[in-house]
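In what follows, a single structure is set out as structure tokens and then discussed.
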Amino acid sequence: MSTPVIEILGLDFAYPDGTEALKDIDLHIHRGERVALLGPNGAGKTTLILHMNGIHRAQTGTVTVSGLPVTAPNLLEIRRRVGLVFQDPDDQLFMPTVREDVEFGPRNLGLTGAELEHRVAAAMASLEVADLANRAPNHLSFGQKRRVSMAGVMAMEPEILVLDEPTSNLDPASRQDLTQALLGLDVTQLIVTHDLLYALEVCPRSVIIDAGRIVADGPTIELLADAELLAAHRLALPAALLLLAGAPDPHRDPPRVN
Amino acid sequence: MSSSHRHALFVHAHSPVHRLSPQVKIAAALIMLGAIVSTPRETVWAFVCYGLALGILVALTQIPIRFLLGRMLVLTPFALLALLFPVFGTDPKVEILGISLSEQGLWDMWNLLAKAGLGLVTAILLGASTEIADLLRGFDSLRAPRLVTAILGFMVRYIDVVVGDLNRMRLALAARGHQGTSIAHWGPYGRAMGTMFIRTYERGERVYLAMESRGYAGEMPASSRVKARPGEWAIALVVVAAFWAVAITARITR
């Protein structure tokens, strides 16, 4: 098999206060995959993705991106390969205009002139934000901010796009736009979320993490069909969905108190 | 789009002044300020000349007079202070409308009002005709330290976010019955400010992480410097030279 885009072996991580955030993580993601990373709040999802681009360094174990180990001399190349899209787009859009923000990454990579323009134009076109180029980020809608922050990451031509809770705060229409955008991007994707339906919609494969350990890894539809697994890790499909699937209606059949 | 699209000091128009490159406008404004400030206060005619020239520029820039006057209100505290100069100034005194006023104080008042007023009009001209992103680019083109322009940029970018946070916190206080009508109610405001400080600090950390994630290694990337056309510098030179001609003549003929 080809070199995985992300290869994590035996990764442990504890915060300075001793809290164990990650324990014995093994994870492979291959080129072209679209994987959901599921887990309750505080499971270690964000800590794990911060290891992928070298913001956290492995205390034990190794993290490798397309064959390149995450170590200090490789950091700039690692950060080009792993494009991180943060949860709050306001944290990520810090330049005065949309165009300058999309240019930020490629410029750090040393691009200038026609090559820079081409990169930036292609990234903005792929997320349909070209018409926002001269706008100030603080005057965009939330959905627009989300897509611009993705364009800023895509302009670095990453090998894997890692999105932290991309659907949070999106209205249904923006959520649909995001889905279209993600499905249209030709890049390996890791989507961190606790939105199970979104994982099912977008990702064929899911990884469930709880209390710093990977507890399940398989086809999304199979994991979501396993009610016991979900319940054991504080994940649950929306009750409305279960009702549609034939679960008893609590309003029509109130539980009897004897 | 609504006016919230732009900063409050900007006037949307398609004037020749708007079209000038930002670095030209910034440089011209600074040099014009130098001329105004260095003019001896006794040469009243020189200030009249500046006033007329700025008036023409304001008209060219299509700044509404109401907007200009509104912006000039920031001068009020200084004007009030200046009004005290003639009253408390030293001898000799002159009699005006039956009030004995210090001659020296009157000149001081005139000096402050004329220079601050004209300087303010110059600054308003610059702000009203240049968007903030362009101002930052202009300073960058003039080789201002990139760290300084970056800090200014971040300030402009995040001021709305911070004010938004603050407003939500005020709403949250009010929604649970907090009233800010007396000093006894100010405690929660103090704690809200403390929370704001911590939140802003945390946001700063997250922004830094986001910068690092896109390859930031301690230096902001150079923005694309747009060269000003030689013609633009020539136009600015004419205006600036006129101001300095007045200033120098005033100094010689004083």
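Points worth noting:
- Test: A:R31 is in contact with an Asp or Glu (Cβ under 8 Å, 6 or more places away or on another chain) and part of a helix (DSSP H, G or I): no
- All helices (runs of 4 or more DSSP H) inside the range A:186-258 with 1 or more residues being more than 18 Å from A:G42 (Cβ to Cβ), without any contact (Cβ under 8 Å) to a residue 12 or more places away in the chain and not small (G, A, S): A:220-225, A:227-232, A:239-244
- Looking across the range A:60-98 at every residue that is among the hydroxyl-bearing types (S, T, Y) and in contact (Cβ under 8 Å) with a residue 40 or more places away in the chain, the one that is nearest to the other protein chains (Cβ to nearest Cβ) is identified as A:T97.
- Residue within the range B:153-165 that is away from chain A (no Cβ under 12 Å) and either in a helix (DSSP H, G or I) or at negative phi (or both) present: no
- The set of residues in the range B:207-233 that are over 21 Å from B:R137 (Cβ atoms) and loosely packed, with under 15 Cβ neighbours inside 10 Å comprises B:Y208, B:A217, B:G218.
- Where a residue in the range A:9-36 is in contact (Cβ under 8 Å) with a residue 12 or more places away in the chain and its partner, wherever it lies, is surrounded by fewer than 20 Cβ atoms within 10 Å (Cβ to Cβ) and of a type in the set (K, R), with Cβ under 7 Å and at least six apart: A:D12/A:K23; A:K23/A:R213; A:D24/A:R213; A:E33/A:R205; A:V35/A:R205
- Residue match in the range B:136-148 (condition: within 14 Å of another protein chain (Cβ to nearest Cβ), in contact with a Gly (Cβ under 8 Å, 6 or more places away or on another chain) and not in a helix (DSSP H, G or I)): no
- In the range B:190-218, the residues that are within 7 Å of chain A (Cβ to nearest Cβ) reach residues that are aliphatic (A, V, I, L, M) and assigned to a loop (DSSP other than H, G, I, E, B) with C-beta atoms within less than 8 angstrom, at least six apart or across chains, in these pairs: B:L209/A:I55; B:E212/A:I55; B:S213/A:I55; B:R214/A:M156; B:G215/A:L109; B:G215/A:M156.
- Test: residue in the range B:89-112 that is under 30 Å from B:H12 (Cα atoms) and at pLDDT 90 or above: no
- Scanning the range A:112-139 for residues that are within 12 Å of chain B (Cβ to nearest Cβ), within 18 Å of B:V226 (Cβ to Cβ), surrounded by 15 or more Cβ atoms within 10 Å (Cβ to Cβ) and without any contact (Cβ under 8 Å) to a residue 24 or more places away in the chain yields a count of 2.
- Test: residue in the range A:137-155 that is at pLDDT 90 or above, farther than 26 Å from B:E205 by Cβ and of a type outside the set (S, T, Y): no
- Only one of B:G153, B:G187 that is small (G, A, S) and surrounded by fewer than 17 Cβ atoms within 10 Å (Cβ to Cβ): B:G187
The values are calculated or read from the model by the stated rules, or taken from the named source; none is laboratory data. Keep in mind that this is a model prediction, so the values were computed, not measured. For neighbour counting, all protein chains shown are included, and Cβ atoms are generated from backbone atoms with ideal geometry for every residue, glycine included.
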